[in-house]
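So the structure is just underneath, and the comments pick up after that.
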Amino acid sequence: MKIHAIQTGTVAVTSAWREGVGHGQGRLLRTIVDRHWTEPLPIYAFAIEHPEGVIAVDTGEAARASQPGYFVRWHPGLRAFREWVEPEQEIGPQLERLGIRPSDVRWVVMTHLHTDHAGGLHHFPENEILVTRTELEFASGLRGRLRGYVANKQWPGWFHPTPIELESSPFGPFPQSLRLTEGVVLVPVPGHTPGQIGVLVQDGDHTVFLAGDSSYTQELMLRGKVDGVGADEEAARLTHERIRDYAAANPTVYLVAHDPESAARLADRQVVYPNQLATAQSATPGTS
Ligand SMILES: [Zn+2]
């Protein structure tokens, strides 16, 4: 199955945002006061060319994010991230260049509703958009903004997504799941946000796991390192464990939105080995 990684600009965050330091409120505070920044990281959305129609997974960021007034001014978290998006980098024009028209898109699946995933929603006014009910409730209103959904005008006026609830049918280590269509299953990956979902695409002998912001890199997931801003550290850690368990039992290509290696792993269909980190470490001389 053809799957595209669509880079809609870049984002930089503080180091303590990408890899959390400490716990509780201190962990959040450190993301804001940290003076070390990551390099500009990609903002990926994905498009799956499924026989039932194209499935867009997230919509990336909007070029307007670089303009004043796009974000609420008062949120302290805004001191810890910066974005760069050109109009031609938005998901709409990029899909067009791939020969995909909006009417070819059967579903837009939102892993979660943070601005760098929902910024491109305005390209899909006629499409069915799927979000978990939990995510929608967590992101809405002033409380949503306090919780880090920082766009001033949160989403387009016509935005009435289909709220979905995962069913209590386990899928591997995941306690719930929802089958979207042939070979595509949604699973809960809470932590970064409570309602975040991952999209599992069965493609021949392997699974492509589109995991939203479950971690900032594959390595951080393997090491069980939670980010600095996620809503629930413990849930994120459990999610990492489940992803590793899933990948240990099924050949899996693990793709997250801000990992600079995501596109290369997708192109080469590089499978993750949950034990590779432990093996690499124990192979280092002098560490035994
Ligand atoms: Zn996010």
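The values are calculated or read from the model by the stated rules, or taken from the named source; none is laboratory data. Worth saying up front: this structure is predicted, and the values here are computed from it rather than measured. Note: accessible area is taken over every heavy atom of the protein model, side chains too, but ligands, DNA and RNA are not part of it. Shrake-Rupley method; radii C 1.70, N 1.55, O 1.52, S 1.80 Å.
Across region 175-268, the convex hull enclosing all Cα atoms gives 92 Å³ per residue.
Using C-alpha pairs below 8 Å separated by at least 6 residues, the relative contact order for the chain is 17 percent.
Taking every protein chain into account, the 1.4 Å probe leaves GLU86 with about 100 Å² of accessible area, to the nearest ten. Residues SER15, SER103 ordered from highest to lowest accessible area at a 1.4 Å probe: SER103, SER15.
Of the accessible area of the chain, computed with a 1.4 Å probe over protein heavy atoms only, carbon and sulfur atoms account for 51 percent.
The helix-based estimate of mean residue ellipticity at 222 nm for the chain, built from -39,500 (n - 2.57) per DSSP H run of four or more residues and divided by its residue count, is -7000 deg cm²/dmol to the nearest 500.
Distances over 25 Å make up what percent of all Cα-Cα pairs in the chain? Let's see the in-between values first.
On the way: 17880 of 41328 pairs.
Of the Cα pairs, 43 percent sit more than 25 Å apart.
Please work out the average accessible area per residue across the chain, using the 1.4 Å probe convention, and give it in Å².
Result: 45 Å² of accessible area for each residue.
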